[in-house]
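In what follows, a single structure is set out as structure tokens and then discussed.
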Amino acid sequence: MPRIRVGIKTTFGEIEVSGETAEEVLKALEEIDEVFLREVDNRISSLMVNRARDSLRGIVEMRGDGPIIVTKKRLTHYEAIGLILYSMKDHQASSGEIKRCLAASGRKVTVPARLHEMRRRGYIFKPAERSPIYKLSTKGVKWIEEEVLPQLRKR
């Protein structure tokens, strides 16, 4: 008899459950609950944050109250906001958090206007429309990783 496989798409990727019989698959699916998915998401998120931290060494420093831009190189307002979001967990933060981190970095940025423009350009989006949270889009993450960071390392 062929093996039975079920794929489950999650926010962090896909989980595959398989078994020889339908009962085995159903029993395995019972083990996957909200707590399990949250724990896997947290572990993967922390791995991604550590990877991002390594790529940001000398550019952004993580402190207890959030990321601080430490590079002395010239940045546009968009790049500064993008770097702050890129260094946050899940690449998201509220407009107030972004403003606080930029102020602590010594950067004077009109955050609401820049966020609006970045949203129109497709670099960020609001996961929940009525929430003050902004998140880097896939396009925004690619922009930071392929354009902004290489330029900062090269300068």
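The values are calculated or read from the model by the stated rules, or taken from the named source; none is laboratory data. Computed from a predicted structure; not experimentally measured. As a convention, Cβ positions derive from the backbone with ideal geometry for all residues, glycine included, and neighbour counts pool all protein chains shown.
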Looking at the range 96-112, which of its residues are in a helix (DSSP H, G or I), over 16 Å from Ser137 (Cβ atoms) and in contact with a helix residue (DSSP H, G or I) (Cβ under 9 Å, 6 or more places away or on another chain)? Gly96, Glu97, Lys99, Cys101, Leu102, Val111, Pro112
Please specify each residue of the range 55-91 satisfying the condition of being closer than 13 Å to Ser105 by Cα and hydrophobic (A, V, I, L, M, F, W, C). Ile59, Val60, Met62, Ile68, Ile69, Val70, Leu75, Ala80, Ile81, Leu83, Ile84
Taking the range 1-31, which residues are surrounded by 13 or more Cβ atoms within 10 Å (Cβ to Cβ) and either touching a Pro at 6+ places or on another chain (Cβ under 6 Å) or part of a strand (DSSP E or B) (or both)? Ile4, Val6, Ile15, Val17, Gly19
Being of a type outside the set (Gly, Ala, Ser), surrounded by fewer than 18 Cβ atoms within 10 Å (Cβ to Cβ) and within 14 Å of Ala80 (Cβ to Cβ) is the filter here; which residues of the range 111-128 pass it? Glu117
Leu83: touching a residue at least 60 places away in the same chain (Cβ under 8 Å), assigned to a helix (DSSP H, G or I) and out of contact with any strand residue (DSSP E or B) (no Cβ under 9 Å at 6 or more places or on another chain), yes or no? no
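Per-residue answers, yes or no, for (1) at pLDDT below 95; (2) closer than 22 Å to Asp54 by Cα; (3) out of contact with any Pro (no Cβ under 8 Å at 6 or more places or on another chain); (4) exposed (fewer than 14 other Cβ atoms within 10 Å of the Cβ):
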residue	(1), (2), (3), (4)
Gly66	yes, yes, yes, no
Lys89	yes, yes, yes, yes
Ser95	yes, no, no, no
Val109	yes, no, yes, no
Arg130	yes, no, yes, yes
Lys142	yes, yes, yes, yes
